[in-house]
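The values are calculated or read from the model by the stated rules, or taken from the named source; none is laboratory data. Every value quoted in this text rests on a predicted model; they were computed, and no experiment measured them. Positions of Cβ are generated from backbone atoms using ideal geometry, with glycine treated the same way; all protein chains shown enter the neighbour counts. Ligands, DNA and RNA are excluded from the accessible area calculation, which covers all protein heavy atoms including side chains. Shrake-Rupley method; radii C 1.70, N 1.55, O 1.52, S 1.80 Å.
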Amino acid sequence: MDLVVQDTPEAVAECAAQHVASRVLALPSAHLGLATGATPRGVYQRLTNAHQRGMLPLSEVRYFMLDEYVGIDTKEPTSFQNVLRRELLSPVGAEPHSLEILDGNAADLSAEADRFEEALRSSGGIDLQILGIGTNGHIGFNEPGSSFTSRTRMVELHEETVQSNSRYFDSPEVVPRKALSQGLATIFEARSILLLATGDSKARAISSMVEGPTSPSNPASILQRHPDVTVIMDAAAASRLRSAQSAISKVSA
Ligand code: GLP
């Protein structure tokens, strides 16, 4: 794992945007897996700006959703599909079909999960998967206890996740309790992974992911086994890492 510690969330976004842009410039037809949530927002803004300044061609890029709530109208601002279209795809003029969606309103969610897996497989897979992390160590919506062999499927959200994500809704009561999520094995197949974390609330999850035991009770720890993972975090998110000091010196070297 390549650990990069930046002073501020803005510096995290800048560094991460450069990381993504360099991959896309090297491979203009890159397949990008997209997380939602607050953490990657600044990255999408910077990618949009670079595109609009003519410095980042994105017309050949194909995008894949990481997760989506079940039963949420895609017109709702909290729908992950809506977020991705609003924050990145529309501003860069991406064709609607360039996003492989997870349809949380499908009549048969299991068939929808299988369809997504097949679309992923037949496309050749994801070149760069962007991830955030939950306060309980989830990636996508793979909550503690998720199998390392899990594929895309319908999952139940843990109470901590419902409470944490309620900041995006009017109240905790209206947060969907179910979601479709790429599985841990699905995420692991991405050729390269970029995980972002900012703020104190992620410090425990980051230290468990990097330095804890690799175990389904600690879902993000599967990334310790992946050959190409970059974690870009701010000092607050890195504050519980025993290896944080060496990571900081690596950045400033
Ligand atoms: C959510 C999503 C994840 C996201 C994570 C962190 O529950 N399922 O895909 O990465 O939690 O979100 P945020 O960046 O808003 O803290």
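Return the tail of the calculated pair distribution for segment 2-251, meaning the percent of Cα-Cα pairs more than 27 Å apart. Value for segment 2-251: 31 percent of Cα pairs lie more than 27 Å apart.
Take the solvent-accessible surface of the protein heavy atoms, probe 1.4 Å, and return the percent of it on segment 2-251 that carbon and sulfur atoms account for. If you can, show how the numbers build up before the last one.
Details: 5380 of 10520 Å².
With neighbouring chains kept in place, the figure for segment 2-251 is 51 percent.
Based only on Cα atoms, what mean projected area does the convex hull of segment 107-157 have, in nm²? Write down the numbers at each step before the final one.
Working: hull surface 17.6 nm².
The directionally averaged projection comes out at 4.4 nm².
Note on Asp170/Glu117: beta-carbon distance plugged into 1/(1 + (r/R0)^6) with R0 of 41 Å gives a FRET efficiency of 0.80.
Based on DSSP H runs of at least 4 residues, each adding -39500 (n - 2.57), what is the mean residue ellipticity at 222 nm of the chain after dividing by all its residues, to the nearest 500 deg cm²/dmol? Provide the component values of the computation, followed by the final result.
Values: 8 runs with 80 residues, N = 253.
It comes out at -9500 deg cm²/dmol, rounded to the nearest 500.
Treating only the Cα positions of segment 144-186 as identical point scatterers, give the base-10 log of I(q)/I(0) from the Debye formula at each q in 0.29 Å⁻¹. Log-scaled intensity ratios, in q order: -0.97. From the largest down, segment 130-253 spans 46, 31, 22 angstrom on the principal axes of its Cα atoms.
Label sites at Asp108 and Gln18, each approximated as a point 7 angstrom past Cα along Cα to Cβ, lie 4.9 nm apart. Computed on segment 2-251, with alpha-carbon pairs under 8 angstrom and 6+ residues apart, the relative contact order is 25 percent. Shown is the FRET efficiency for Thr149 and Asp228, computed with R0 = 30 Å from the Cβ-Cβ distance and rounded to the nearest 0.05: 0.90. Per residue, the accessible area of segment 2-251 comes to 42 Å² when a 1.4 Å probe rolls over the protein heavy atoms.
The calculated pair-distance distribution of segment 55-190 uses every alpha carbon pair, bins of 5 angstrom beginning at 0, and gives 2, 10, 19, 23, 21, 15, 7, 2, 0 percent.
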